[in-house]
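Below is one structure; the comments refer to it alone.
The values are calculated or read from the model by the stated rules, or taken from the named source; none is laboratory data. Small disclaimer: the values here were computed from a predicted structure and weren't measured. With ideal geometry, Cβ positions are generated from the backbone for all residues, glycine too; neighbour counts draw on all protein chains shown. Each accessible area value is taken on the protein alone, full model and side chains, heavy atoms only, with ligands, DNA and RNA left out. Shrake-Rupley method; radii C 1.70, N 1.55, O 1.52, S 1.80 Å.
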Amino acid sequence: MTDTAQASDSTQAGYDAFKSRRLDLNLTRGKPSAEQLDLSAALLALPGSGDHQAADGTDCRNYGGLQGLPEARRLFAGLMEAPPDQVVVANNSSLALMHDAVTFALLKGTCDSAAAWSAPGGIAFLCPVPGYDRHFRICEDYGIRMIPVALGDDGPDIDEVERLVAADPSIKAMWCMPKYSNPTGTVYSDAVIERLASMPAAAPDFRLLWDNAYAVHHLTADRLAIANVLELAARHGHANRPLVFASTSKITLAGAGLALFAASPANIKWLLARLTPRTIGPDKINQLRHVRLLRDAAGIEALMDRHRAIIAPKFQTVLDVFGERLTGLPDVSWTTPKGGYFISLSVPRGRARRVVQLAKEAGLELTPAGATHPYGKDPDDRVIRIAPTFPELRDVALAAEGVAWSVLMACGEPSA
Ligand SMILES: Cc1ncc(COP(=O)(O)O)c(C=O)c1O
């Protein structure tokens, strides 16, 4: 028997043994585990009966305060890297805020638009790939053309971005996840951020949809800082270009957190005007309880350290298993993120869907191949998103083994 045949026999045996355990594992869920949610258990008892008055005397039980409580805006000003008067604190889900910002622009235009973005002619967004499926879903639902741009080690292919944005006035926005991107963990370099902030755009109302969802979600002791896009854009004469989003979904409670927005004064005015017919004000009780729990930037950091203690070992387990089983396999690689919620696994061209299928047959659910690309189609069928935070550590280890066996199997099969 040849070496190759032996290797393939042992792969089949390993995969079969894994499958015969009839496990029910899931690596699709990019959400905090119950243990992480427990870190914020105190929120459920806050602010406590009788404690409903904000520092300025606002009765948080009542209507009003569209921009968010002043102390909540102060609390998150550091995370958002903007002065409190350029911060909006809204109800849970920054995705909802991103959705609303896009639909407001479609319906009414931005503060720099001559017409609504939905005016005849059609518009496009630049979409660094691999990326976040829910960004793409917003575009798909509203008929916004998606132009993929390759994401490299230091951010999107900036030469290509500059070329496209300068030439095409129908390109109105670009999705950006500047820190610990979903799913690659990419961190944009300061040089790339400065070029995004300063590049000429054919559309005078071009926007960077700056989704900083993982601003404080470090996986190492190195709390990476990136360039301040709001400051840079203002310095280069494009103050209204960035719309910065974040949330406490993966700081406190994913389903009961706060969404955060920061932008230029003109954009803040624009958003508040658009929100006015939508709501009389946000849930200020939730804002008050977050202020009581987190207190200040140091409080946020301390809580994030506790999250890191829970999830960093899960990431390390996946990386250890991949390192042990997959090192040296041609065209197989994976990211080693320093933060965020995902690892991105690349397999040989045309094999990602097969890996996901093999994993499923062996009792392991993986995010569908293609989800990381516009319209759910990865043209190379290479990228698989791995989400290790939610299962228990023991299950993460088992699941990583399952991924490795599925990759080895798919790589051993003849080309389709
Ligand atoms: C990049 C990114 N942005 C936004 C979200 C959703 O954030 P929120 O819970 O604030 O809606 C996620 C969730 O996985 C994400 O990965």
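Can you classify the stretch 320-412 as rounded, prolate or oblate using the Cα gyration tensor, where a ≥ b ≥ c are the square roots of its eigenvalues, rounded means a/c under 1.5, and otherwise it's prolate if a/b beats b/c and oblate if not? Here the stretch 320-412 falls in the rounded category.
The share of alpha-carbon pairs in the chain lying farther apart than 28 Å comes to 51%.
Between the C-alpha center of the stretch 276-313 and that of the stretch 208-237 there is a gap of 18 Å. Taking amide H as placed 1.01 Å from N in the peptide plane, Leu25 has its amide H under 5 Å from the amide H of Leu364, Glu365, each at least 5 places away in sequence or on another chain.
Mean residue ellipticity at 222 nm, helices only, the chain: -12500 deg cm²/dmol; runs of at least 4 DSSP H residues each add -39,500 (n - 2.57), and the sum is divided by the number of residues. For Lys108, the aspartates and glutamates whose Cα falls under 18 Å of its own Cα, not counting residues fewer than eight places away in the same chain, are Asp100, Asp141, Asp205. Contact order normalised by length for the chain, with contacts defined as Cα pairs under 8 Å and 6 or more residues apart; what percent is it? So the answer I get is 25 percent. Heavy-atom accessible surface of the chain, averaged per residue, reaches 43 Å², computed with a 1.4 Å probe.
For the stretch 338-380, the residues whose backbone nitrogen is under 16 Å from a point 7 Å from the Cα of Arg22, taken along Cα to Cβ, are 361-364. Please work out whether the stretch 130-271 counts as rounded, prolate or oblate from its C-alpha gyration tensor, where a ≥ b ≥ c are the square roots of the eigenvalues and a/c under 1.5 means rounded, while otherwise a/b larger than b/c means prolate and anything else oblate? It comes out rounded by the Cα gyration axes. Each of Glu71, Glu162, Glu140 has its accessible area taken with a 1.4 Å probe; listed largest first, they run Glu140, Glu162, Glu71. Ranking Tyr132, Val165, Trp117 by Cα position along the charge dipole of the stretch 108-170, where only Lys, Arg, Asp and Glu carry charges on their C-beta atoms, puts Trp117 farthest toward the positive end. With a cut-off of 13 Å between beta carbons, the residues surrounding Trp210 carry a summed charge of 0, where Lys and Arg count +1 and Asp and Glu -1. If you run the Gaussian network model on the chain, springs between alpha carbon atoms under 10 Å, then out of His236, His99, His373 the most flexible one is His236. The accessible surface of the stretch 171-305, taken with every protein chain in place and a 1.4 Å probe, is 55 percent carbon and sulfur.
Ordering 309-322, 108-121 by mean Cβ neighbour count within 10 Å, with the highest value first, yields 309-322, 108-121.
Spatial offset of the stretch 253-272 relative to the stretch 94-117 amounts to 13 Å, using the alpha carbon center of each. Anisotropy class assigned to the stretch 5-160 is oblate, per the alpha carbon gyration tensor with a/c at or over the 1.5 cut-off and a/b no larger than b/c. Stretching Thr276 away from Arg295 to a fully extended chain increases their span by 4.0 nm, per 0.36 nm per residue minus the current alpha-carbon distance. Measuring nothing but how far apart in sequence close Cα pairs (under 8 Å, 6+ apart) lie, relative to its length, the stretch 296-416 scores a relative contact order of 30 percent. Stretching Ala13 away from Ala166 to a fully extended chain increases their span by 49.6 nm, per 0.36 nm per residue minus the current alpha-carbon distance. Among 183-192, 330-339, sorting by the average number of other beta carbon atoms lying within 10 angstrom of each residue, highest first, gives 183-192, 330-339.
Distant-in-sequence amide contacts of Tyr180, defined by a placed amide H-H separation under 5 Å and a gap of 5 or more residues or a different chain, comprise Val187, Tyr188.
Checking the table Lys314/Lys360; Lys269/Lys377; Lys31/Lys377 against a 26 Å threshold on Cα-Cα, which pairs fail? In this structure, Lys269/Lys377 lie more than 26 Å apart at Cα. Excluding same-chain neighbours fewer than eight residues apart, the aspartates and glutamates reachable from Lys19 by a Cα-Cα span under 17 Å are Asp9, Glu361, Glu365, Asp395, Glu401. Please report the net charge: other residues with Cβ closer than 14 Å to the Cβ of Pro277, K and R +1, D and E -1. Once all neighbours under 14 Å are counted, the net charge is +2.
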